[in-house]
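Some notes on the structure that comes next.
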Amino acid sequence: MELEELSVVEKAAMLSGGSEWDSRGNDRADIPSFVMSDGPHGVRRQLGEGDHLGIGASKPATCFPTAGTVANSWDPALAEEMGEALGSEAHDLDVNVLLGPGLNIKRNPLGGRCFEYWSEDPYLAGHEAIGIVEGVQSKGVGTSLKHFAANNQESDRLRVDARISPRALREIYFPAFEHIVKKAQPWTIMCSYNRINGVHSAQNHWLLTDVLRDEWGFEGIVMSDWGADHDRGASLNAGLNLEMPPSYTDDQIVYAVRDGRITPAQLDRMAQGMIDLVNKTRAAMSVDNYRFDVDAHDEVAHQAAIESIVMLKNDDAILPLNAGPVANPSAMPQKIAVIGEFARTPRYQGGGSSHITPTKMTSFLDTLAERGIKADFAPGFTLDLEPADPALESEAVETAKNADVVLMFLGLPEAAESEGFDRDTLDMPAKQIALLEQVAAANQNVVVVLSNGSVVSVAPWADNAKGI
């Protein structure tokens with residue numbers, strides 16, 4: 001059915017979701033709905049009607065390293081391989097648009113969502129994240145660049161007004177988006193919650209129409225972040241195609257068209273964009289019984305992690321270790337102590353909307369067992385913000401005394417770093433640093449393995465570790 005055959009009411013209905021994660025179709029016009037899902041680093045296909053930020057309410061999917069990790073690889077081809085795997089999994093899980101990648105600049109290292117963004121450098125962000133877009137869309141699944149634009153803090157993100165000069169926008173906050181729009185044409189873009197120079201992004205005509213469409217030639221649709229649309233009529237006029245989730249206020253659009261506040265031409269432009277997106281999704285929708293290879297995708301994630309590890313320090317060539325016959329058959333294996341709860345309970349993905357249910361989860365201790373490597377383990381601390389436990393500390397120190405080398409797994413627990421709030425310090429939890437000092441006093445051969453989504457201070461404690 002052609003757009004002209006739809007009524008104003010039907011056009012207005014297309015410009016808001018049908019549920020928390022679905023667009024609104026039209027059976028009479030043979031326009032199906034499509035499914036959206038969180039998941040810049042893994043498909044978070046929700047079960048049920050609501051938005052569940054926990055990890056227990058979504059279908060299993062491969063846990064890929066976060067953007068903050070993969071950026072360390074400096075390898076766009078690696079990002080594209082991840083994108084292809086993400087697109088395949090989205091297809092398998094009946095997801096038509098994957099809500100990512102996140103491109104916002106890491107303006108402040110304390111930003112709570114820095115793990116989900118690529119870089120503090122706009123060139124690196126655009127030229128790596130484009131691989132995700134091209135890889136996912138090669139499988140007939142759309143992407144959604146987010147959050148356009150200047151979503152650079154989590155604290156008060158729904159109301160904050162980012163006051164940024166035109167030059168700073170053009171040189172820092174826009175280039176990654178511009179590069180990907182011009183080179184890869186993502187199917188959708190998600191606007192940010194915040195205001196920019198006094199105007200909410202969802203209602204910012206200069207942002208969504210003048211710059212994005214008229215200057216850069218964007219051909220897809222713009223959707224709101226969940227709950228970012230404050231005025232349906234103003235947003236539609238600004239260039240917002242889709243309000244998510246639905247607020248059930250389509251009558252605002254209808255009345256605005258009837259009294260001339262929205263022109264029929266603008267309503268048609270926004271509705272046609274939705275129809276065009278549905279048509280892009282039809283090919284993948286028509287393929288049934290597709291199943292991705294869990295083991296193959298797990299290996300893609302594994303290789304991405306390997307390529308993204310960063311060596312910060314390796315005094316006295318303490319690494320690699322000689323853990324057993326596989327490493328060096330002629331040498332005596334080192335006696336290894338593993339300290340830190342992260343070795344048993346991995347920190348992965350990030351807190352909030354990107355947290356998925358993984359198809360596989362392998363801790364460091366699991367891997368040692370799989371390889372037949374013996375090591376003494378002591379958790380040392382708990383993954384919360386409670387004070388240190390003296391009993392755990394004593395156990396860890398005694399474990400360290402009896403080892404040739406100590407691997408200490410430290411970092412930021414989810415309670416210290418997540419979507420929804422910004423951090424208030426670059427320091428790691430004090431109890432972890434205090435434990436490191438005690439362990440280093442008992443054993444001078446310490447290697448620290450960090451797990452954190454964004455920057456932490458290393459200098460205050462680096463002298464206590466030969467390897468980081």
Given the conditions (1) surrounded by 18 or more Cβ atoms within 10 Å (Cβ to Cβ); (2) modelled with pLDDT of 85 or more, every one holds for residue 19 apart from (1)
Taking the range 397-424, which residues are at pLDDT 95 or above and among the polar types (S, T, N, Q)?
-> 399
Subset of the range 145-179 (residues that are closer than 19 Å to residue 215 by Cα, buried (at least 18 other Cβ atoms within 10 Å of the Cβ) and among the small types (Gly, Ala, Ser)) | 149, 150, 176
Options 416, 378; residue that is farther than 15 Å from residue 436 by Cα, open to solvent by less than 50 Å² (accessible area, probe 1.4 Å) and of a type in the set (A, V, I, L, M) | 416
Which of the residues that make up the range 89-113 are surrounded by 24 or more Cβ atoms within 10 Å (Cβ to Cβ) and closer than 20 Å to residue 139 by Cα?
-> 89, 90, 95, 96, 97, 98, 99, 100, 101, 102
Inside the range 1-104, counting only helices (runs of 4 or more DSSP H) that do not spill past its ends, which hold 2 or more residues that are more than 21 Å from residue 299 (Cβ to Cβ)?
-> 8-14
How many residues are out of contact with any Lys or Arg (no Cβ under 8 Å at 6 or more places or on another chain), of a type outside the set (A, V, I, L, M, F, W, C) and either in a helix (DSSP H, G or I) or under 27 Å from residue 185 (Cβ atoms) (or both) if we restrict to the range 286-323?
-> 9
Please work out which residue is farthest from residue 277 (Cα to Cα), limiting yourself to the range 140-194 and to residues that are among the charged types (D, E, K, R) and modelled with pLDDT under 95.
-> 156
Could you list, in sequence order, the residues of the range 140-155 that are more than 15 Å from the chain's Cα centre (by Cα) and assigned to a loop (DSSP other than H, G, I, E, B)?
-> 140, 141, 149, 150, 155
Out of curiosity, is residue 391 modelled with pLDDT under 95, in a helix (DSSP H, G or I), small (Gly, Ala, Ser) and open to solvent by 20 Å² or more (accessible area, probe 1.4 Å)?
-> no
Matching residues in the range 340-370 - criterion: being in contact with a helix residue (DSSP H, G or I) (Cβ under 6 Å, 6 or more places away or on another chain), assigned to a helix (DSSP H, G or I) and either without any contact (Cβ under 8 Å) to a residue 12 or more places away in the chain or open to solvent by 20 Å² or more (accessible area, probe 1.4 Å) (or both) = 364, 365
Quick check, is residue 284 in contact with a His (Cβ under 8 Å, 6 or more places away or on another chain), among the hydrophobic types (A, V, I, L, M, F, W, C) and touching a residue at least 24 places away in the same chain (Cβ under 8 Å)?
-> yes
Here is a list of conditions, (1) open to solvent by 20 Å² or more (accessible area, probe 1.4 Å); (2) touching a residue at least 40 places away in the same chain (Cβ under 8 Å); (3) within 16 Å of the chain's Cα centre (by Cα), and residue 120 meets all of them except one; can you say which number that is?
-> (2)
Residue count, the range 443-468, condition assigned to a helix (DSSP H, G or I) and either surrounded by 18 or more Cβ atoms within 10 Å (Cβ to Cβ) or among the polar types (S, T, N, Q) (or both), comes to 1
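The values are calculated or read from the model by the stated rules, or taken from the named source; none is laboratory data. Computed from a predicted structure; not experimentally measured. Please note: Cβ atoms are built from the backbone with ideal geometry, for glycine as well, and neighbour counts cover all protein chains shown. Quick note on the areas: whole protein, heavy atoms, side chains included, nothing else; ligands and nucleic acids left out. Shrake-Rupley method; radii C 1.70, N 1.55, O 1.52, S 1.80 Å.
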